[in-house]
Amino acid sequence: MSSIRQRTTRRSAAARAAEEAQPAVAAETPPTTTSVAAPRERSTSDAGSPTKRHLPLTERRKGKNGAADPQLQVTLDEATGRVTLDAPKTPFHELDLSESFLAALHDPPFEPKQTWRKKRRPYFILGGLVGLLARRVPSSSSCGTLTGSRPCSWFLTSGDPLGSMQNFDLDAFTSWDIQSLLADMPSLGNLNLTELVAPGREWLNSRVSPFEVGQDAKNRGLTKKHAVVLVPGIISSGLESWSTAPDAAPFFRSRIWAGTTMVKALIKNKDAWVRAISLDPFTGLDPKGYKVRAAQGLDAASAFMPGYWIWQKVIENLAVLDYDHNDLTLASYDWRLSFYNLEVRDRYFSRLKSTIEFNLAINEKKTVLVSHSMARVDRWVEAPEFGAGGTGWVERHIEGWVNVAGTMLGVPKAMAALLSGEMRDTVEINQAAVYLLERFFSRSERAKLFRTWAGSASMMLKGGDDVWGTSEGAPDDFNNSTLTGGNLYYFRPESHINTSEVTEESMHPNLTLSDSLGFILQKVPPAYQQMLATNYSLGIERDENQLKRNNHDHTKWSNPLEVQLPLAPSMKIYCLYGTGKETERAYFYQQGGYEHDESPTVNMHSSNQLEEQGVCFEPNCTDTTPRAPLDMPLQRRVWIDNSVTLDEQAVPRVRSGVVFNDGDGTVSTLSLGAMCVEGWKRPLYNPAGIEVVTHEILHSPLAFDPRGGPTTADHVDILGSSELNDAILEVVAGEGQNVKEQFYSEIREIARRIKWDGDGTTPL
């Protein structure tokens, strides 16, 4: 308040000085002080100022008796243009309002501000004329040139508002010579219309109808031949709540994952949503009082949200070849569970095996598996301790496996999410969004939730340093790299916080993949360590006899480096994935204060005193062990250091603490293609000599399409790629030989640098 008084005092002094500097103007100007408010005594500041007048802006402010409030006036000095607030006996007396919107009021004559409608009326009229010009072409010949056999009024069509533009030739606009028309307009004369509409022309010409790829395949003579089973990727399947607990009952049989109900549940009751979507950390199954199951049917993963499709494009094009529920199945699953618990709780693999056997026994068709971002499912079915299908089951029932964007060797993003609950998507948003995200769903809360999902561990990197490199270099490093992806985690000391300096001193210690796995295990609770040990294996096996034994060990099945492909020589594998999009590969981390590995819960008594609760370290425990008074925290809090951003010309790119490499935006090229171009070419991992075709799709998104359009190769959006859909249709129609090997990346050279045999050094 005192600062306001000081400012108004200084401004008043400056105004008085200006008035004294112009005595002649003040003397010659007749008194014009007027007021529409109730008469009141002039203030001292007004007495000697004949050029001041009260503005009629306070009539709406009424006093107790309905009259204008005599304590609030706005005064305009017409000589200096200074606007002040005249409010005696208040701290705001003579407050300078000259920089506000009231400053414009001294420009005579005073007129009301134009409304939005009046301001834009000329533009509206001009737009109407342009619309009439577009609707009525000057001659019939030019109309035919533009739209073929369609009428000129192509804007007034029913159905898809862009459907009538399929045959629209934007190049014909040159016959109108619009550029010469713009030249006559001074403000638009320098506008290059050709460059302006080029992105729109590209998008419009590339736009495809929902069934165009399938229709084109049908016109080429393709017909359905094999049954199809679609296997969604992790987090793609919708999850429904079957909980009857009081806080979850409002969402009974509604999707709490992959649907609008998810957003509603998360906003209305985040704690209840987290409890429902989490798994028991000890059993890896449903927590007590909550029950969540995977949605079923083709709609389970056709779209994540209304308007955000996943498998919808693939299903639409398969339908053109006459596929329906009789020979097309989407095998959704609860991706939170480990592979072993998928069978224990939901009998997932038993149901999948029965579906494939039904296709052969009833429909007399072998099955084509089309999986997205998902590990193999064939080992369970042949193992005598599990599916008991026998050695020849895959050969008899499976025609081919279309492996779309398969995360064969893991995802670096999973390593960051499990460590600190972060990834590129959370560190590249602006600071305001970071603040809101941390307030609503903090890093520690996200990491704790991720660690209850045993299925997410299947995305951890596999193969160790022999595959992913060391501090000396990595197989997928660029030739001119200044940083190596062999260091998965770069740590910077606190002295380098909030700087982008990257030197040998500012990056220590650095952890390779082998070091990082141990570092993560130090950060996670004992229950998560036990889950990893009993469900997953992340190494590499080179002994043939041990590989055969691993075929019966369920902990090895998600790692293609530790199991062999089935003995199915007639089956074919098609590796289809995107490349050419920057993908996170390594991270810069910062370490903070110390914290316990498992923080005890804290309750607040009615007396406002905190009570520390014990920590439960065993499943189904009824007694907890409170922390000892001298139990010191030994773990340091870590987070991605988003202050590290290197120059645009740096190799590799580093932005917001994330080191980028080539991939499909989510999975690196090394993980997508190394097994396809090299690992499965070796008899050690492919004893039957199954043919493996690698077909890369270059990421070339359209600027006008938020999902990239039919030429995208993004990890999820690739399911809408015309090239991918066409390849799938060729395989299911029995014409898989038309899907040829195609490469845009350096995956073949990258795969050769991997130490498959365990000797030699990784090339720099």
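Just a few scattered comments:
- Inter-label distance, nm, simple model (7 Å from Cα along the C-beta direction), Ala388/Asn219: 5.3 nm
- Amide H contacts of Ile697 (H built 1.01 Å from N, under 5 Å, at least 5 apart or other chain): Tyr577, Gly578, Thr579
- Ranking of Trp311, Trp393 by count of other Cβ atoms within 10 Å, fewest first: Trp393, Trp311
- Pairs spanning more than 31 Å between alpha-carbon atoms, out of Lys523/Lys556; Lys225/Lys548; Lys413/Lys755; Lys218/Lys681; Lys313/Lys413: Lys225/Lys548; Lys218/Lys681.
- Given charges at beta-carbon only (K, R positive; D, E negative), |dipole| of the stretch 239-294 in Debye: 160 debye
- For a label point 7 Å along the Cα-to-beta-carbon line of Arg542, residues of the stretch 560-574 with backbone N under 15 Å: 561-562
- Working note: Karplus 6.51/-1.76/1.60 with θ = phi - 60° gives the stretch 274-288 the couplings 5, 5, 6, 7, 7, 10, 4, x, 9, 8, x, 10, 4, x, 4 Hz, where Gly and Pro are set to x.
- With θ taken as phi - 60° and the Karplus curve 6.51 cos²θ - 1.76 cosθ + 1.60 applied, the whole-hertz 3J(HN,Hα) list for the stretch 320-330 is 5, 8, 6, 7, 8, 5, 6, 9, 10, 10, 10 Hz, x standing for glycine and proline.
- For Asp322 and Asp647, a Förster radius of 56 Å and the Cβ-Cβ distance give a FRET efficiency of 0.55, rounded to the nearest 0.05.
- Amide H contacts under 5 Å for Glu691, placed H, 5+ residues apart: Ile573
- For Ala303, the residues whose amide H sits under 5 Å from its own are Ile310, Trp311, ignoring neighbours fewer than 5 places away on the same chain, with H placed 1.01 Å from N.
- Stretching Asp425 away from Lys288 to a fully extended chain increases their span by 46.1 nm, per 0.36 nm per residue minus the current alpha-carbon distance.
- Backbone N under 18 Å from the Arg637 label point (7 Å along Cα→Cβ), restricted to the stretch 519-535: 523-525
- The GluC sites (Glu not before Pro) of the stretch 321-408 that meet both conditions, a loop assignment by DSSP and at most 16 other Cβ atoms within 10 Å of the site Cβ, are Glu364, Glu385.
- Computed label-point distance, nm, for sites Glu735 and Gln530 using a 7 Å Cα→Cβ extension: 5.6 nm
- Label-point separation, Arg253 to Leu567 (7 Å along Cα→Cβ), nm: 4.8 nm
- The radius of gyration of the Cα set in the stretch 239-294, together with its Dmax, comes out at 10.2, 30 angstrom.
- Packing-based ranking of 471-478, 730-737 yields 471-478, 730-737, ordered from highest to lowest mean Cβ neighbour count within 10 Å.
- Taking θ as phi - 60° and the Karplus parameters 6.51, -1.76 and 1.60, the scalar couplings of the stretch 683-691 work out to x, 4, 9, 9, x, 8, x, 4, 6 Hz in sequence order, x denoting glycine and proline.
Every read-out reported here was derived from the displayed coordinates using simple, explicitly stated rules and does not represent laboratory data. Since this is a predicted model, take the numbers as computed values, not measurements. Neighbour counts are summed over all protein chains in view; Cβ atoms, including those assigned to glycine, are modelled from backbone coordinates with ideal geometry.
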